[in-house]
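Note sheet for the following structure.
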Amino acid sequence: MQSDVQESAEQAMSLLHNVVDSLPDGALQERLSSARAEGRPLRVKLGIDPTAPDIHLGHAVVLRKLREFQDLGHRVVLIIGDTTAQVGDPSGRSTLRPILSAEEIERNAATFQQQAMKILDDSPQSLEIRHNGEWLQMALAELLALMRTTTVAQILERDDFAKRLAAGQPVSVLEMMYPLLQGYDSVAVRADVELGGTDQKFNLLLGRDIQRAYGQPSQAIVTMPILVGIDGRRKMSKSLGNHIGITEQPAEMFGKTMSIPDEAMEEYFRLLLGREMPTDLGPRDAKRLLGRELVTWLHGPDQAREAQAAFDRLFVEGREPEDMPEHRFGVDGAPVHLPALIASAFGLSRSEARRLLVAGAVQIGEQRLDGQEQDLPAEALDGQVLKVGKRRFCRLRAA
RNA sequence: GGCGGGGUUCCCGAGCGGUCAAAGGGGACGCGCUGUAAACGCGUUGGCUCUGCCUUCGCAGGUUCGAAUCCUGCCCCCGCCA
């Protein structure tokens, strides 16, 4: 039997894989040892604000690390930020967040929680799920006490506030409260460790100060790299539209993965699969492997094979997909007006459909249209495949 | 509360009485090339019954033949002073 100190050191070492910051130095190991001395697992906190309905691969990076803690016998405390979501975390933001309704937050929270279980172990001893409304709906006196723990100067140290201030952009007092509320979450759940992306560093550190103000030991903080989105430039985020959702369809997931820039691959391998990018494959094959592995992880091996086959059929062989939605169009004897047909088939405006038509983006079967002709007889369309751009397909049916 | 600056199309930003659906850039989309990568080239980027019509430049009124551009009130943002 090895010594506690030794084992704590080993755990700390393995948990630091892929981590950007573990602060303060040695704090994680210290927390591990002291929990061990008390004969209990660590309480490892992650707060997620349900501002969007889906979890994406960016969240997955942090969730995977949490899973590592669980696999070592520690307890994850997942905080659904139903109340903080109404405040809006300004981290990394250059503008105010829109305000969500309570119902939206509720809905998002439900799917969030469910999706997180794709990665986390949901056995009761490994996972505790809380809503911060439990303690943040506090009396004014308590809120004032919380506000007394921190100075404006401390808050304004934060980079995004400083930048916005310098750029003459608004910073609301409400936003400045956000880090305090998040810090108070740590107090409420008595967190030993809190995880987050690197953009959370400030908030996580402030949580330490707030715990201290409440007479608690300060949490160790662990920050994970921010996963770049499929555009390869900006942070993965739903609102930027550069995300891959963890419940997305296999084909979609594979396709999106194939569209990431080569430079992002290595990071995807490391942060999402926990392995190094193979060096013996060319970039194209490495990316295909990445796509297969991601789909295998989140859907299964069969789905991964199918996704790749469907992809090849579509983009390598240039054929139509095996199944596609059917679009029924009405027939009244007159020729079918294509902009109207395209618009209703794919939810575009007619003007947009017309532009695509003129730009040569539209195909009926094998026939690419040049946009000279905007009306076609129904017989020429019935049963044909309508293709707009590279990836919009549907089978036309006269009704 | 006072003084000054500002709110323009998805974003940034030019326009400051007609030639404005509004320069330029970004993003996005389309075509070409290709590995649904990058880079590059070309094009598109309010709506429609589309050589024209309608709606849009914080909101509401007004002046004018005509307003994103001028006037009045209101809302919001930024700075300085208090």
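So here's what we get for this one:
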item: Residue count, segment A:141-175 (criterion: over 15 Å from A:ASP209 (Cα atoms) and in contact with a Pro (Cβ under 8 Å, 6 or more places away or on another chain)); result: 5
item: Residue check for A:ALA353: in a helix (DSSP H, G or I), within 25 Å of A:ALA307 (Cα to Cα) and either within 14 Å of RNA strand B (Cβ to nearest atom) or in contact with a strand residue (DSSP E or B) (Cβ under 8 Å, 6 or more places away or on another chain) (or both); result: no
item: Criterion: farther than 30 Å from A:PHE269 by Cβ, in a strand (DSSP E or B), more than 16 Å from RNA strand B (Cβ to nearest atom) and at pLDDT 95 or above - qualifying residue of A:ARG130, A:ARG208; result: A:ARG130
item: Test set (1) surrounded by fewer than 21 Cβ atoms within 10 Å (Cβ to Cβ); (2) within 20 Å of the chain's Cα centre (by Cα) - A:LEU46 fails condition number; result: (1)
item: Which numbered condition A:LYS287 misses (of (1) exposed (fewer than 12 other Cβ atoms within 10 Å of the Cβ); (2) within 13 Å of RNA strand B (Cβ to nearest atom); (3) in contact (Cβ under 8 Å) with a residue 24 or more places away in the chain); result: (1)
item: Residues located in segment A:370-399, provided they are out of contact with any Leu (no Cβ under 8 Å at 6 or more places or on another chain), in a loop (DSSP other than H, G, I, E, B) and small (Gly, Ala, Ser); result: A:ALA399
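Yes/no matrix, rows are residues, columns are (1) more than 9 Å from RNA strand B (Cβ to nearest atom); (2) assigned to a helix (DSSP H, G or I); (3) buried (at least 21 other Cβ atoms within 10 Å of the Cβ):
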{"site": "A:GLY215", "(1), (2), (3)": "yes, no, no"}
{"site": "A:SER218", "(1), (2), (3)": "yes, no, no"}
{"site": "A:ILE221", "(1), (2), (3)": "yes, no, yes"}
{"site": "A:ASP231", "(1), (2), (3)": "no, no, no"}
{"site": "A:HIS243", "(1), (2), (3)": "yes, no, yes"}
{"site": "A:GLU248", "(1), (2), (3)": "yes, no, no"}
{"site": "A:ALA251", "(1), (2), (3)": "no, yes, no"}
{"site": "A:PHE254", "(1), (2), (3)": "no, yes, yes"}
{"site": "A:TYR268", "(1), (2), (3)": "yes, yes, yes"}
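The values are calculated or read from the model by the stated rules, or taken from the named source; none is laboratory data. None of these values were measured; they are calculated from a predicted model. Counting neighbours? That spans all protein chains shown, and the Cβs are built from the backbone with ideal geometry, glycine included.
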